[in-house]
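Here's the structure, in structure tokens; my notes come after.
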Amino acid sequence: MGQPGSAYSLEKPEQKLETHTISVLVDNEPGVLARVIGLFSGRGYNIESLTVSETEHEAHLSRITIVTTGTPMVIEQIKHQLDRLVPVHSVTDLTVCGETIERELALVKVAGVGEKRVEALRLAEAFRAKAIDASLEHFVFEITGRQSKIEQFVALMQPLGLVEVCRTGVAAIGRGPERM
């Protein structure tokens, strides 16, 4: 079930957990991100991915993209509670909005020589990962794509000498000409 003190433990067991990507347009000012994160931590909600950056310089607005998991009821609570925060201009659940484009960037360091090195290069080419740093003993690959693509690439690099991974988190936007 869930952790004690977590909102997930209050849910009925027959409700399935869903993963949602939520876009939140906020004022770009100190403390806003802390308030949004506080909403999640204070209620025991988990954040699986978080990205934030100013997107409209003249209006001083930032977009926070959050990937979270919960039952349908928990997801609705999260959206309503986010919408009530003072610096929040809009909350959009990209998962239910129709088609969206989601991407993540990862830097993947792999150390290896011989056949493992050759295999790492071959797989990187197949995944369209770019070697951005290399020596005779290691590579750092840059890869972008959906979370599932990055996870698959990392899993394949594991036996080839994976050293470490750094990921940006999901950036997402709706398809089509309309603004979210």
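So how exposed is E164, as accessible area in Å² (1.4 Å probe, rounded to 10)?
100 Å²
Match the structure shown to one of the listed values [x] 19.2, 73; [y] 19.2, 57; [z] 16.6, 57 of Rg and Dmax of the Cα atoms in Å, computed from it, and give that label.
Here Rg and Dmax of the Cα atoms in Å agrees with entry [y].
Specify the residue with the greatest mean-square fluctuation among A120, A129, A34, computed from a Gaussian network of the chain linking alpha-carbon atoms under 10 Å apart.
A34
Considering lysine pairs in segment 35-180 that are 8 or more places apart or on different chains, how many have Cα atoms under 27 Å apart?
Working: K109/K130; K109/K149; K116/K130; K116/K149; K130/K149.
Lysine pairs, 8 or more places apart or on different chains, close enough: 5.
Please work out how much length the chain gains when fully extended from L136 to K116, using 0.36 nm per residue of separation minus the C-alpha to C-alpha distance, in nm with one decimal.
Values: separation 20, 0.36 × 20 = 7.20 nm, distance 1.22 nm.
Stretched out fully, the L136 to K116 stretch lengthens by 6.0 nm.
For the chain, give the magnitude of the charge dipole about the Cα centre (Cβ charges: +1 Lys/Arg, -1 Asp/Glu; no others), in debye to the nearest 20.
With Lys and Arg at +1 and Asp and Glu at -1, about 260 debye.
Given the rule -39500 (n - 2.57) for each run of at least 4 DSSP H residues, summed and divided by the residues of the chain, what is its mean residue ellipticity at 222 nm, to the nearest 500 deg cm²/dmol? Intermediate values should be presented prior to the final figure.
Values: 4 runs with 48 residues, N = 180.
Helices in the chain give a 222 nm mean residue ellipticity of -8500 deg cm²/dmol.
Within the accessible area of the chain, what % is carbon and sulfur when the probe is 1.4 Å and the other protein chains stay in place?
Details: 5610 of 10460 Å².
The C+S portion of the solvent-accessible surface of the chain is 54 percent.
By average Cβ neighbour count within 10 Å, what is the ranking of 59-67, 77-85 from highest down?
Working: 59-67: 18.9, 77-85: 15.4.
Answer by packing, highest mean first, reads 59-67, 77-85.
Please list, by residue number, everything in segment 93-124 whose backbone N is under 13 Å from a paramagnetic label point 7 Å out along Cα→Cβ of R146.
99-104
Compute, for K116, the solvent-accessible surface of its heavy atoms (probe 1.4 Å) with the complete set of protein chains present, and express it in square angstrom to the nearest 10.
Surface accessible to solvent at K116 totals approximately 100 Å².
The values are calculated or read from the model by the stated rules, or taken from the named source; none is laboratory data. Note that the structure is predicted; figures quoted are calculated from it, not measured. No Cβ is skipped: glycine too gets one built from the backbone with ideal geometry, and neighbour counts run over all protein chains shown. Heads up: the accessible areas ignore ligands, DNA and RNA and are worked out on the full protein's heavy atoms, side chains in. Shrake-Rupley method; radii C 1.70, N 1.55, O 1.52, S 1.80 Å.
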